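Heads up, the thing below is written out as structure tokens.
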Amino acid sequence: MNAGSMYGWLDWQSVMPLFIVAGTAVVILLADLVMRKANGFVPLALGFTGLIAAAVVAGRSYGLARDAFDGGFILGGFAVVLQEIVLVSAVFSIALFQAARRPERMGGIVALVLWATSGAMLMAGAANLMTVFLGLELLSLALYCLCALAERPTSRESGLKYLILSSTASGFLLFGMAMLFGATGSVTLAALATPAATATPLYWLGGGLFLIGLAFKLSLVPFHVWSPDVYEGAPLPITAYMSVVTKAGTLAVFARFAYAASAGGAAPALLMPLFVIAGISMIAGNLGMLAQTDMKRLLAYSGIAQIGYVVAALAGGSALGVRYAIYYLVAYMLMNLGAFAVVAICSPTNAEEGARIESFHGLAGRRPLLAAAMTFFLLALAGFPPTAGFLGKILILSTNVSAGYAWLAALLIAGTAISLYAYFKVIRLMYDRHVKAYHGEFARLPLAYLTVAICAVLIVVMTFYPLTPSNVLPVVK
Amino acid sequence: MSLLLILLPIVAGCALFLVPRTDRIVSRVTGCVIAAITFFLPLLLRGDGTFAARWLSRPFTAALHWSCGGMALWLVILLALCTFCAVLATDMAQTRTMVALLLLLEGTMMGVFMARDVLAFALFWDLMLIPPFFALVGWGGHRETAWRYLLYNFSGGLLLLLATAAFGVLQGSTDVIGTAHQVSGAWAPWIFAGFAIAFAVKTPLFPLHTWMPATYADTPPAMISIVSSVQSKAGLFGFLIIGLPFFAGAMEQWKWIFIIAGLVSLLYGAYIALAQTDAKRIVAYSSLSHLGLIVLAIFSQNPIAIRGAFVYIVAHALFSAALFLILGYVETREDTRSLARLGGLGKVNPKLAGAFTIAALAALGLPGLAGFVGELVILAGVFQNGYFWPALIALVPIVFASAYMLRLLQDIFNGPERTNLPQRRDLTWVEGLAVAPLLAALVVLGVYPHAVLAAASVIGGAR
């Protein structure tokens, strides 16, 4: 505890971004009550304001080391960057909601998204097992409701599936936490670093269960089966949101766990299975993409592989690895949200329905710019220049090679080679003159167009000005 | 200036998409003007127009570094010339889109040839593979061809990426092209293998060539004239600027694999070219054969042979671009490329026949044209280093080359005339203008090869 001691046990500054986001959600619900006529615009505007305010406030803590809840929550460097990623993803995702349709539901939706966001923000800075679980459940509970929101049977199925499978994973996580507590006698992640603790079988069992829980939330193969189904059924903006935010939040926890445990010396052996399944995810996720006919499922499988790349960056436990993982995560956020924004615009009826690949047939002839943007995002996901996906892959490859994980680098290349076919299948459909053009309508989503433009520009800028944040070790103390 | 050479075609190519889709005039004029500017700019401005900006400082230093001097200068003006001719020869459905793709191809390849940084090289390497894919999607007849092109070339590109990352980690910097510093260590041969596979796919080299015949046959002539003539040289150029200065040891270690692959390409390409009936495929396989000779020259690591290789790179680019453009003209006139159905075109198209004859004679290595100089110098160099049998075997396909080139000439332009020809007109002046510079350059370099040999001696010295 440092500057915050004058407030007693809670450093208000460190949790202020969290409170802003959660508080905005309450304000939105109240505003919904007060307003006489349902209006989709007000909740969206309030949501944007809250998220951006939180981003600004959180940004001021970069370079500091604040903590709250007796060291259970740490804000600074790493946590700030992860919180910004989560907040920006939330902004871009709710921009995809079509305000004009069913305006009476917008208040609830935006409020739930904000609560989910505050959960992910809590995970970004969580330094003990209690806050980890609190953040994870806050995120998950809000997402169960959001997944089931669309008026289709698949949406309810999606929500239910997510609820059941995710709860099981939470069970693993919680059981693992209990064992870790038994082994170390403390709920803090810092305690994991004490060498005495690592000697017990309880530590290994608990750590293993804990990592299985995380692997599920990251949807790494073989714990990935839920994600394509859930992504397909959920409303499109929620799919976009989940594809980045749950992964960013969980990745923050994983990085903190990995770097805390590393200090104890036991980490490489404990973490090795996770790097192995990250490698498997790169292959299996990309293979899974090949057979898909739904864009959301395709992007779900793509996300499985992409997060495998991010996890691979952490192998070796170097400080540079964290920076490159964050770099690639930001790149992934921009490519993925950009692609989802295009999908939202091109979805047959509107942004809340499914998104068949057919709706991209002959897109280049009807909307050349939109097709060009989609091509750009898919090329970025495939790792083509001049995009951040290209440079991110170079950075990850080089950390893997220098840390002695050349096999992960080889798997990354093999996985990417497979993914080329899947990404280019969509690109070819958009440009192929033999394919009969699909005549669906386009959603009127001005904010989505803005998202597409911002993401595309940032992806190029990131390539030539690769700012990898320094000072971002996921500290536990 | 080097940045301008890269960005000008790319920006112009993107801007062309704003022109109406049906346009034929504006896009071609723009394309020609841009290509002409990129041709004259490096010649008129003194100095090598270096552009350098810091890019990465960790995990290895990398710079956005391009420079247009020595060998790169020759390839740049060669590329600009071929682009000029290809744009001029473009007259097809969706001319605007094709010209835009040609300009994008030119800009991205400029980035490859002028790169002074391995990472920048890899960046533009991947980029230059994209326009031909779109050409195959937009104009190609067979869906499979585009996939085969894509999977072969982009997998090569990914290996290049991995090799670049490993190279950077080992050397500490990728901003090294133009210097020479042998990479040592147990990993060096494997890093070289990553580069070499990417280069061998692009060249192509047996047995990684199977994407090539279908792609060359299926891509529209304007695009393929650049791909076969200049883009295929990117791989050979890679051996010269990355292989020799950094991996001479690994190249020595694995030279027999490449020398044998080169010889097999030489013989196999020539043999298949004799048997094919599709005119474009004949030229495609002849390309495989000719480039095998260059690979042989590079891996002999003899300074004279490497000089010859560079001359032959330029010569092959000129005659292969001319051959593909002229076969494109034949196809628009006759609606077929099959030797079984063509015949007697020379009678009504004397200028077309004349142009083809010059290009074909250069391809079969007639003295006085550029192809001969390259072959002679290569064989002399290879022989000098004691590779007696490879040099002897390499002589055989040169005889084959006369056979298949003369067969092309005979079957398309001589012999009995076909009745019911769809269209009869000789070369228009625009079509003629599109191949004239290439043919003129073949003659000039055949008579005065010293200009190119002098540029190539710089590489010899850099080793």
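The values are calculated or read from the model by the stated rules, or taken from the named source; none is laboratory data. Note that the structure is a prediction, hence the values are computed from the model and not measured. In this analysis, Cβ positions are derived from the backbone assuming ideal geometry, glycine residues included, and neighbour counts consider all displayed protein chains.
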Under 6 Å between Cβ atoms, at least 6 apart or on separate chains: pull out the pairs that start in segment A:401-416 with a residue that is over 15 Å from residue A:275 (Cα atoms) and end on any residue that is among the aromatic types (Phe, Trp, Tyr) and surrounded by fewer than 24 Cβ atoms within 10 Å (Cβ to Cβ).
none
Residues within segment A:171-192 that are out of contact with any helix residue (DSSP H, G or I) (no Cβ under 7 Å at 6 or more places or on another chain) and under 30 Å from residue A:109 (Cβ atoms), tallied
1
Any chance you could count how many residues in segment B:5-31 are in contact with a Phe, Trp or Tyr (Cβ under 9 Å, 6 or more places away or on another chain) and surrounded by fewer than 19 Cβ atoms within 10 Å (Cβ to Cβ)?
0
Which residue pairs have Cβ atoms closer than 7 Å, lie 6 or more positions apart in sequence or on different chains, and pair a first residue in segment B:123-137 that is more than 7 Å from chain A (Cβ to nearest Cβ) and part of a loop (DSSP other than H, G, I, E, B) with a second residue that is among the polar types (S, T, N, Q) and surrounded by 23 or more Cβ atoms within 10 Å (Cβ to Cβ)?
B:129/B:153
Touching a helix residue (DSSP H, G or I) at 6+ places or on another chain (Cβ under 9 Å) and either at the interface with chain B (Cβ under 8 Å from one of its Cβ atoms) or surrounded by fewer than 24 Cβ atoms within 10 Å (Cβ to Cβ) (or both), is that true of residue A:380?
no
Can you find a residue in segment A:419-436 that is under 30 Å from residue A:65 (Cβ atoms) and modelled with pLDDT under 90?
no
Which one of B:235, B:185, B:243, B:168 is within 14 Å of chain A (Cβ to nearest Cβ) and in a helix (DSSP H, G or I)?
B:168
Only one of B:93, B:35 is more than 14 Å from every other protein chain (Cβ to nearest Cβ) and either hydrophobic (A, V, I, L, M, F, W, C) or not in a helix (DSSP H, G or I) (or both); which?
B:35
One residue is enough: does segment B:264-276 have a residue meeting the conditions surrounded by 24 or more Cβ atoms within 10 Å (Cβ to Cβ), of a type in the set (A, V, I, L, M, F, W, C) and assigned to a helix (DSSP H, G or I)?
yes
What number goes with the only condition from (1) modelled with pLDDT under 95; (2) surrounded by 24 or more Cβ atoms within 10 Å (Cβ to Cβ) that residue A:332 does not pass?
(1)
In segment B:362-388, what residues are out of contact with any Leu (no Cβ under 9 Å at 6 or more places or on another chain) and part of a helix (DSSP H, G or I)?
B:376, B:380, B:381, B:384, B:388
Any idea which residue in segment B:171-180 is farthest from the other protein chains (Cβ to nearest Cβ), counting only those that are under 27 Å from the mean Cα position of the chain (by Cα) and either assigned to a loop (DSSP other than H, G, I, E, B) or at pLDDT 85 or above (or both)?
B:180
Quick one: how many residues across segment A:406-425 are away from every other protein chain (no Cβ under 11 Å) and surrounded by fewer than 21 Cβ atoms within 10 Å (Cβ to Cβ)?
1
Looking at the structure I just gave you, is residue A:443 more than 10 Å from chain B (Cβ to nearest Cβ), within 16 Å of residue A:295 (Cβ to Cβ), touching a helix residue (DSSP H, G or I) at 6+ places or on another chain (Cβ under 6 Å) and outside any loop (DSSP other than H, G, I, E, B)?
no
Across (1) within 14 Å of another protein chain (Cβ to nearest Cβ); (2) over 28 Å from residue B:53 (Cβ atoms); (3) touching a strand residue (DSSP E or B) at 6+ places or on another chain (Cβ under 9 Å), residue B:213 clears everything bar (1)
Residue in segment A:297-319 that is within 26 Å of residue A:155 (Cβ to Cβ), surrounded by fewer than 24 Cβ atoms within 10 Å (Cβ to Cβ) and either modelled with pLDDT of 90 or more or within 14 Å of another protein chain (Cβ to nearest Cβ) (or both) present
yes
Tell me yes or no: at least one residue of segment B:112-119 is of a type in the set (A, V, I, L, M), in a loop (DSSP other than H, G, I, E, B) and more than 11 Å from chain A (Cβ to nearest Cβ).
yes
Can you pull out the residues in segment A:86-98 that are under 15 Å from the mean Cα position of the chain (by Cα) and either among the acidic types (Asp, Glu) or buried (at least 24 other Cβ atoms within 10 Å of the Cβ) (or both)?
A:86, A:87, A:89, A:90, A:92, A:93, A:94
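Yes/no matrix, rows are residues, columns are (1) within 12 Å of chain B (Cβ to nearest Cβ); (2) under 30 Å from residue B:169 (Cα atoms); (3) out of contact with any Phe, Trp or Tyr (no Cβ under 7 Å at 6 or more places or on another chain):
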residue	(1), (2), (3)
A:390	yes, yes, no
A:395	yes, yes, no
A:398	yes, yes, no
A:402	yes, yes, yes
A:431	yes, no, no
A:451	no, no, no
A:458	no, yes, yes
A:461	no, yes, yes
A:472	no, yes, no
